[in-house]
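Coordinate-derived values only; no laboratory data. Because the structure is predicted, anything quoted here is derived from the model rather than measured. Cβ placement follows ideal geometry from the backbone for every residue including glycine, while neighbour counts extend to all protein chains displayed.
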Amino acid sequence: MLKRDNFLASSRGIVIVGVAIGILAALLQKFGNPGNMGICVACFERDIAGAIGMHRADVVQYLRPEIIGFGLGAFISALLFREFKPRGGSTPLARFILGMIAMIGALVFLGCPWRAILRLAGGDGNALFGVAGLAVGVGIGTLFFRAGYTLGRSEKQRIGAGIIIPIVLLGFLALRLVFPQVEGNPKSGILFYSVKGPGSQHAALLISLVIGAVVGILAQRSRFCTMGALRDLILFRHLHLFSGFVALLLGAFVVNLIVGQFHPGFVGQPVAHTQSFWNFSGMVVAGLAFALAGGCPGRQIFMSGEGDGDAGVFVLGMIAGAAVSHNFGLASSPAGIGPYGAYAVAFGLLGCLLIGFTHMDRIKS
Amino acid sequence: MEMKDTVDARGLSCPQPVLLTISKLKKTNSKEIEVIVDNDVSKENVCRAATSQGWMVDNVLEETDQYKIHIRKV
């Protein structure tokens with residue numbers, strides 16, 4: 001068992017991790033992932049929802065190995081560093097709904113905070129509105145925390161509860177191996193595979209899995225969190241996590257410049273639309289949901305790898321949210337927002353506010 | 001009379017342990033407070049926050065399933 005000073009959680013460590021993730025994400029695009037989507041936790045979970053048939057949007061179906069790598073990498077890292085701690089019971093149902101809402105909001109923008117940064121790093125100006133929305137959403141979240149919002153304490157749980165998400169991810173990996181992609185075929189056994197669109201664009205299985213696991217380990221050690229970056233900046237004026245956020249942007253930007261993936265502009269950006277108001281407000285909703293749940297979508301997977309059942313419930317909520325999003329026409333496409341996307345944003349915001357206002361702790365410590 | 005103030009942040013997730021600690025540091029009259037957390041992330045965050053508020057982390061006691069962080073006014 002390893003236990004020493006955690007360098008990656010230091011000021012220098014978090015910057016190194018941010019740069020490393022930025023470089024790896026930009027390289028994943030070079031290796032085949034969609035444009036400005038080297039890593040997108042929301043998009044990848046949405047693709048997984050498609051791969052197992054929870055929605056039938058045929059352009060976004062692929063069992064993304066990066067997500068499996070994230071969770072299992074964090075799991076291995078937590079075990080090695082004695083940080084695997086099964087816990088849960090902090091209002092899981094509210095977290096499930098927050099996960100759904102976060103995903104619905106993110107899919108109006110077309111990306112989670114991770115992809116918002118990568119879109120900026122690739123020159124997509126529309127992401128400016130997404131990042132601004134994210135900051136506003138997280139900012140609203142900090143007001144709730146200041147006012148005493150809490151989902152309550154989690155409790156220690158049995159090992160069995162802590163390994164559920166890692167086992168589910170191993171199950172996904174088994175499915176991916178048993179039913180590999182058949183070129184040009186939309187189905188392999190029970191898994192769906194996109195033959196066109198973003199779901200058809202991906203790096204090789206082993207590359208995605210290994211990079212995912214490396215990111216999982218780095219992020220577990222460093223506590224990297226894209227939502228926490230903005231939250232701590234707004235709430236405490238702490239730059240620690242934010243420096244990782246900026247480092248990711250710079251790492252990806254430099255690699256994009258070198259390999260020719262930097263294309264500044266607003267129109268014709270990969271997997272993006274130009275409706276600025278909706279780019280902004282989709283991310284307000286997602287940012288608020290992430291803030292109320294205590295972590296960005298990546299961090300939620302890493303925490304579930306550490307045995308945090310509440311984070312695991314949030315991840316499952318996101319996958320369910322992706323299914324709802326595509327089944328009900330809430331998700332955007334490069335043509336613009338979905339037929340019911342505007343309603344989704346409004347009701348998502350209402351849902352977050354309802355959860356926020358109904359979880360105020362009157363006894364202040 | 002000087003009594004040690006305690007913040008029990010066990011089971012709470014980000015940003016609540018830090019929020020509770022900072023609010024206690026601002027309100028307290030005592031020169032020393034103890035923060036109890038149950039995971040490494042909260043331990044790191046609370047230590048970082050205390051330092052940024054101009055306090056000093058005296059020591060961190062590792063017990064079964066929890067850390068006791070002792071913070072002292074510089």
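Which is the longest part of chain B that has none of the trypsin sites (Lys or Arg not before Pro) sitting in a DSSP loop with at most 14 other Cβ atoms within 10 Å? Mind showing how you got there, number by number?
On the way: sites that count: B:LYS4, B:LYS31.
That would be B:32-74.
For the stretch A:113-210, what's the relative contact order in percent, using C-alpha pairs closer than 8 Å and at least 6 residues apart? Working shown, then result.
On the way: 34 pairs, mean separation 10.0, N = 98.
So the answer I get is 10 percent.
Is any helix in chain A, taking whole DSSP H runs, at least 18 angstrom long along its axis by alpha carbon and on average at least -0.5 on the Kyte-Doolittle scale, and which ones?
Values: long enough: A:11-30 (29 Å, 1.67); A:65-80 (22 Å, 1.69); A:92-109 (26 Å, 2.06); A:126-146 (31 Å, 1.50); A:164-178 (21 Å, 2.60); A:205-222 (25 Å, 1.92); A:240-259 (29 Å, 2.20); A:276-293 (26 Å, 1.48); A:309-327 (27 Å, 1.06); A:341-357 (24 Å, 2.03).
Those that pass (Cα extent of 18 Å or more, hydropathy at least -0.5) are A:11-30, A:65-80, A:92-109, A:126-146, A:164-178, A:205-222, A:240-259, A:276-293, A:309-327, A:341-357.
Considering only the other residues whose Cβ falls under 10 Å of the Cβ of A:GLY162, what net charge follows from Lys and Arg at +1 and Asp and Glu at -1? Kindly include the intermediate steps, with their values, before the conclusion.
On the way: positive: A:LYS85, A:ARG87, A:LYS156, A:ARG158; negative: A:GLU306, A:ASP308.
Residues close to A:GLY162 contribute a combined charge of +2.
Taking only C-alpha pairs under 8 Å that are 6+ residues apart, what is the relative contact order of chain A in percent?
Averaging sequence separation for qualifying contacts and normalising by length gives 36 percent for chain A.
Taking chain B as the reference, fit the longest principal axis to its C-alpha atoms, fit the long axis of helix B:40-52 to the helix C-alpha atoms, and give the angle between the two in degrees, 0 to 90, nearest 10.
Computed tilt is about 20 degrees.
First select every other residue whose beta carbon is under 13 angstrom from the beta carbon of A:VAL41; then total the charges, Lys and Arg +1, Asp and Glu -1.
Values: positive: A:ARG46, A:ARG64, A:ARG115, A:ARG299; negative: A:GLU45, A:ASP47, A:GLU66.
Neighbourhood net charge equals +1.
Quick check on chain A: helices-only [θ] at 222 nm, where DSSP H runs of length 4 and up contribute -39,500 (n - 2.57) each and the sum goes over total residues. Nearest 500, please. Provide the component values of the computation, followed by the final result.
Numbers: 15 runs with 226 residues, N = 365.
Value at 222 nm, helices only: -20500 deg cm²/dmol.
Could you list the GluC sites (Glu not before Pro) in the stretch B:20-55 that lie in coil according to DSSP, counting only those with at most 12 other Cβ atoms within 10 Å of their Cβ?
Numbers: sites: B:GLU32, B:GLU34, B:GLU44; in loops: none.
Qualifying residues, ordered by number: none.
Would you please classify the overall shape of the stretch A:7-357 from the alpha carbon gyration tensor, given that a ≥ b ≥ c denote the square roots of the eigenvalues, rounded means a/c under 1.5, and beyond that prolate means a/b larger than b/c while oblate covers the rest? Could the numbers behind the result be given before it?
Details: a/c = 1.17, a/b = 1.08, b/c = 1.09.
Rounded, because the longest to shortest axis ratio a/c is under 1.5.
Suppose R0 equals 22 Å; then what is the FRET efficiency for B:MET56 and A:PHE7 from their Cβ-Cβ distance, rounded to the nearest 0.05? Mind showing how you got there, number by number?
Details: r = 22 Å, r/R0 = 0.98.
So, using R0 = 22 Å, E works out to roughly 0.55.
Using a 10 Å Cβ count of at most 15 others and DSSP loop calls, identify the longest part of chain A lacking such trypsin sites (Lys or Arg not before Pro).
Details: sites that count: A:LYS3, A:ARG4, A:ARG56, A:ARG82, A:ARG158, A:LYS196, A:ARG237, A:ARG362, A:LYS364.
The segment A:238-361 is the longest one with no such site.
For chain B, what is the mean residue ellipticity at 222 nm derived from helices alone (per DSSP H run of n ≥ 4: -39500 (n - 2.57); sum divided by total residues; nearest 500 deg cm²/dmol)? Write out the running numbers ahead of the final one.
Details: 2 runs with 25 residues, N = 74.
Taking each H run of at least 4 residues, the total per residue is -10500 deg cm²/dmol.
Stokes-Einstein at 10 °C, 1.306 mPa s, Kirkwood radius from Cα pairs: D for the stretch B:5-73 in µm² s⁻¹? Could the numbers behind the result be given before it?
Working: Rh = 11.4 Å.
Using the Kirkwood radius from Cα pairs, D works out to 139 µm²/s.
Over the stretch B:5-73, what relative contact order in percent results from Cα pairs under 8 Å that are six or more residues apart? Can you show the working numbers first?
Details: 114 pairs, mean separation 23.7, N = 69.
Across the stretch B:5-73, relative contact order equals 34 percent.
Find which of A:LEU173, A:GLY53, A:ALA293 sits farthest along the positive direction of the dipole of chain A, computed with +1 on the beta-carbon of Lys and Arg, -1 on that of Asp and Glu, about the Cα centre.
A:ALA293
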